[in-house]
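Trainee: Just dropping this structure here.
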Amino acid sequence: NGSLSLLDGHYTRVSGLTYTTYPFGFFACAGGVPGACVDLPNITRDTPLQRAPKAKFNLGAQYTYPLGTDSDLVASLNYSWTDKQSSAVTIADAVEMPAYGVLNARLQYDLPGGQWSVAVFGTNLTNEYYLVGGVDFAKGYTVGTTELDIARPRELGAELRYRF
């Protein structure tokens, strides 16, 4: 199985939304120092859309091996890749999240009768470090820090399932 997504999303019109930057520091701005407060556009026609990667694809395979006596061994492998994307709508606090790929696998044994199964699985098998969100309050436009939402690391597990 597989899928491909291509997106050419962009703004066609924007309002006058601005943000204030403080080249001489916030207190200079608050103190009325000329040039200490600068208003800049916070969304332009070139601002990337939030969480809108230009490309994304997924490739996967699943194979079922009949073991006889009404039982099966099912193996699956899946790889997905997502292009870089912006974490926020505005320029002032957006984080560019780099492109990433994730590999997952699963091996399942279906017991005779089909009600019980046992499986082992792994997600993010290459232990890829990637971001799923974030906001950057440390760019100098506001007072704060950079907050990053890091994706889950490699995880291995087992599953026992009963179908009723």
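Trainee: Can you tell me how much longer the chain between residue 14 and residue 64 gets when fully stretched, taken as 0.36 nm per residue apart minus their C-alpha distance, in nm with one decimal?
Mentor: Between residue 14 and residue 64, full extension yields 12.8 nm more.
Trainee: Using a Förster distance of 45 Å, how high is the FRET efficiency between residue 46 and residue 125, based on the Cβ-Cβ distance and rounded to 0.05?
Mentor: FRET efficiency, residue 46 to residue 125: 0.75.
Trainee: Relative contact order for segment 95-164: what is it in percent, counting Cα pairs under 8 Å that are at least 6 residues apart?
Mentor: 35
Trainee: Kirkwood Rh, the chain, all Cα pairs: how many Å?
Mentor: Kirkwood radius, the chain: 19.8 Å.
Trainee: A follow-up question, please. Taking only protein heavy atoms and a 1.4 Å probe, what accessible area per residue, in Å², does segment 1-97 have with all protein chains in place?
Mentor: Solvent-accessible surface per residue comes out at 66 Å².
Trainee: Something else now. Averaged over every viewing direction, what's the projected area of the C-alpha convex hull for segment 73-137? Give it in nm², one decimal, please.
Mentor: Convex hull of Cα atoms, orientation-averaged projection: 6.1 nm².
Trainee: Now, a different point. Report the full-extension gain for the segment residue 27 to residue 132: residue separation times 0.36 nm, less the Cα-Cα distance, to one decimal in nm.
Mentor: 34.4 nm
Trainee: Which whole-number percent of Cα pairs in segment 47-88 have a distance greater than 11 Å?
Mentor: Looking at segment 47-88, the distances longer than 11 Å represent 72 percent of pairs.
The values are calculated or read from the model by the stated rules, or taken from the named source; none is laboratory data. Owing to the predicted nature of the structure, the values given are computational and were not obtained by experimental measurement. Every residue, glycine among them, receives a Cβ derived from its backbone with ideal geometry; neighbour counts consider all protein chains shown. To get the accessible areas, we keep the full protein, side chains included, count just its heavy atoms, and leave off ligands, DNA and RNA. Shrake-Rupley method; radii C 1.70, N 1.55, O 1.52, S 1.80 Å.
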